[in-house]
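To keep things clear, I will list the structure first and then write my remarks on it.
The values are calculated or read from the model by the stated rules, or taken from the named source; none is laboratory data. For clarity, every value in this text was computed on a predicted model and none was experimentally measured. All Cβ positions, glycine included, derive from the backbone under ideal geometry; neighbour counts span all protein chains shown. Areas reflect the complete protein model, heavy atoms only, side chains present, ligands, DNA and RNA absent. Shrake-Rupley method; radii C 1.70, N 1.55, O 1.52, S 1.80 Å.
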Amino acid sequence: MSAHGSLQVRVDGGDGESAVLSLHGELDLASSRVLQDVLDPLIARRRPSLMTLVLDVAEVTLADVAGLTPVLHVRAVLARRGGSVQLRHASRLLRRLVAVLGLDGELLEDAEPEDAEPEDAATEPPRPEASAPQAQHRAAQ
């Protein structure tokens with residue numbers, strides 16, 4: 001397991017056509033180099049057999065675009081080989097980040113978690129009901 005600061009990475013496989021990396025902690029600018037250092041040997045030209053990389057991000061507690069930079073790099077390398085990268089068990093935050101990048105159809109392996117609350121419920125506060133006098137006043141205007 002490779003670790004630095006707030007990110008730990010465990011590699012399962014990587015000797016054949018596929019590898020699974022389990023990430024634990026924060027995936028941001030400060031930790032992106034740790035992930036890149038783990039990914040570089042997996043995608044090196046001397047190991048062209050890697051075609052599928054799965055990143056299990058269930059234990060990622062924070063993510064930003066800078067943290068995803070190594071993932072986007074390895075995605076480009078594997079795409080040139082006809083391979084792919086998938087994020088497994090992504091949180092709502094990570095799903096939104098990937099969607100903003102326009103890559104949700106490519107990077108997200110599984111459907112949205114069933115226990116996630118609807119997006120509207122998480123982002124909009126409840127609206128107070130208008131009292132009868134206020135509603136009548138609005139209707140009269």
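Quick notes on this one:
- Test for residue 87: is it open to solvent by less than 60 Å² (accessible area, probe 1.4 Å) and in contact (Cβ under 8 Å) with a residue 24 or more places away in the chain: yes
- If you go through region 30-47 and keep only what is part of a helix (DSSP H, G or I) and either open to solvent by less than 50 Å² (accessible area, probe 1.4 Å) or hydroxyl-bearing (Ser, Thr, Tyr) (or both), you end up with 31, 32, 34, 35, 36, 38, 39, 42, 43.
- Given (1) modelled with pLDDT under 90; (2) in a helix (DSSP H, G or I); (3) crowded, with 18+ Cβ neighbours inside 10 Å, number of the condition residue 50 does not satisfy: (2)
- Odd one out for residue 114 among (1) touching a strand residue (DSSP E or B) at 6+ places or on another chain (Cβ under 6 Å); (2) modelled with pLDDT under 95: (1)
- Filtering region 90-104 to residues that are within 8 Å of the chain's Cα centre (by Cα), open to solvent by less than 70 Å² (accessible area, probe 1.4 Å) and among the aliphatic types (A, V, I, L, M) leaves 90, 94, 97, 98.
- Of all residues making up region 12-29, the number that are more than 13 Å from the chain's Cα centre (by Cα) and part of a loop (DSSP other than H, G, I, E, B): 4
- Some residue of region 59-76 being under 26 Å from residue 6 (Cα atoms), in contact with a helix residue (DSSP H, G or I) (Cβ under 9 Å, 6 or more places away or on another chain), of a type in the set (D, E, K, R) and modelled with pLDDT of 70 or more: yes
- Residue satisfying all of: in region 13-29; touching a Ser or Thr at 6+ places or on another chain (Cβ under 7 Å) and open to solvent by 40 Å² or more (accessible area, probe 1.4 Å); farthest from residue 93 (Cα to Cα) among these: 17
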